Amino acid sequence: MDTDLTEIRPLERHVDTLLRIELAGGDCLLLAIEAQGKKDPDKRSSWAYYLAHLYAKFRYPCVLLVVCRDKGTAEWAAEPIRIGLENHPSLVAYPLVLGPHNVPMVTDAARAADDIPMAVFSAITHSNDHDIAGILDALAKALLAMDADAAAVFAEFTEAGLGATRARDIWRNLMGTGLSHFRGIVAESFRDEGRIEGRVEGRAEDILRILTVRGVSVPDEARQRVTACTDLAVLDVWFERAITAPTADAVFDES
C-alpha cells in the first residue's frame, strides 16, 4: 500500500467547540467539545481523528468532551474507541461524557452563578427534561451578572448545544428579553471571527503543506507572506495555484 499519508485534497472536519484551557501552573490543554444528540457510528472515527490531529498540530494534551441529552447516547459515547488488534490496540480514546445521568439539574440562580460552565452543561444535558425552563431561567439570571463579552460566549454555546429542541426556543426567548444587553452584535462577531480565523489559519497551512509535499522550495519570505495573509479569498486563490505552481513565487503571480 502507498506509504504517503499526506492528504492534498482539502477535507472539511469541524469539532463543535475547541477551547484552549490555561492551567494554574502555566500548562495548557485542549478541550474538544462535541454535542451528540443520537448514536452515530461514523462519529467515533471522527473523534479519534480530532484527537490525533490536535495533538500532532499543537502538542498539547487533548481531552474530548461529549455532551449528550439522553442516557442511552451518553453510554454509547462513553465506550472506548479502540484502533488496532482486539487484544492489543494501537490507539485507545476514552471520551469524557456528560449526560442527564451524571450532571445535576441546576435550577437555582445563585448556584448557577457559582459555576457557570456546570450550569451550561446542566441546561444542555437536561434539555429534554420537563424542568428545563427552570434550568434555563437560572442560567439566564446568572449570566446577567457576568461581564457581557463572557456571557455572550456562554449564551451562544448554550444555544448551539440545545440543538433543535423546545429548550432552544425557550432560550432564544430569554435572550431576546432579559439578555438583550449582550445578545446580538457581540455574540455574532465572536462566533464569526472565530470561524473565519480558524479557516484562514487552516488554508495557510494547506498551501505550505502542498508546496512542501510537491517538493517546491518555500523561502522564508514566501512562508511569511502566506502566514501573514488574513484574506480568505486571497488564500483560496493561492491554494489553487499551489497545486500546480512550479515555484513559490508562482503562487503569488498576478499575471
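The values are calculated or read from the model by the stated rules, or taken from the named source; none is laboratory data. Computed from a predicted model, the values in this text were never measured in an experiment. All Cβ positions, glycine included, derive from the backbone under ideal geometry; neighbour counts span all protein chains shown.
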Flag if I33 is of a type in the set (A, V, I, L, M), closer than 27 Å to A155 by Cα, in contact with a strand residue (DSSP E or B) (Cβ under 8 Å, 6 or more places away or on another chain) and in the same structural domain as F154 (by TED's automatic domain parsing): yes
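Condition test on A35, is it surrounded by 13 or more Cβ atoms within 10 Å (Cβ to Cβ), at negative phi and modelled with pLDDT under 90? Spell out how you get there, then give the answer.
Details: surrounded by 13 or more Cβ atoms within 10 Å (Cβ to Cβ): yes; at negative phi: yes; modelled with pLDDT under 90: yes.
Criteria met by A35.
Just to confirm my filter: which strands (runs of 3 or more DSSP E) fall fully inside region 54-118 and include at least 1 residues that are loosely packed, with under 13 Cβ neighbours inside 10 Å? Spell out how you get there, then give the answer.
Working: elements: 62-68, 81-85, 88-93, 96-98.
Filter on region 54-118 gives 81-85, 88-93.
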Of everything in region 225-254, what is of a type in the set (S, T, N, Q) and either under 27 Å from the mean Cα position of the chain (by Cα) or outside the structural domain of E205 (by TED's automatic domain parsing) (or both)? Give them in sequence order. T227, T230
Some residue of region 18-32 being β-branched (V, I, T) and more than 20 Å from the chain's Cα centre (by Cα): no
Of everything in region 44-53, what is crowded, with 18+ Cβ neighbours inside 10 Å and either touching an Asp or Glu at 6+ places or on another chain (Cβ under 9 Å) or within 12 Å of L98 (Cα to Cα) (or both)? Give them in sequence order. R44, W47, Y50
Flag if W171 is out of contact with any helix residue (DSSP H, G or I) (no Cβ under 7 Å at 6 or more places or on another chain) and surrounded by 16 or more Cβ atoms within 10 Å (Cβ to Cβ): no
By residue number, the members of region 209-235 that are at pLDDT below 85, under 15 Å from R199 (Cβ atoms) and surrounded by 13 or more Cβ atoms within 10 Å (Cβ to Cβ) are L232
Looking at (1) surrounded by 16 or more Cβ atoms within 10 Å (Cβ to Cβ); (2) assigned to a loop (DSSP other than H, G, I, E, B), can you tell me which one T244 breaks? (1)
Looking at region 153-168 only, could you name the residues that are surrounded by fewer than 16 Cβ atoms within 10 Å (Cβ to Cβ) and in a helix (DSSP H, G or I)? A160, R166
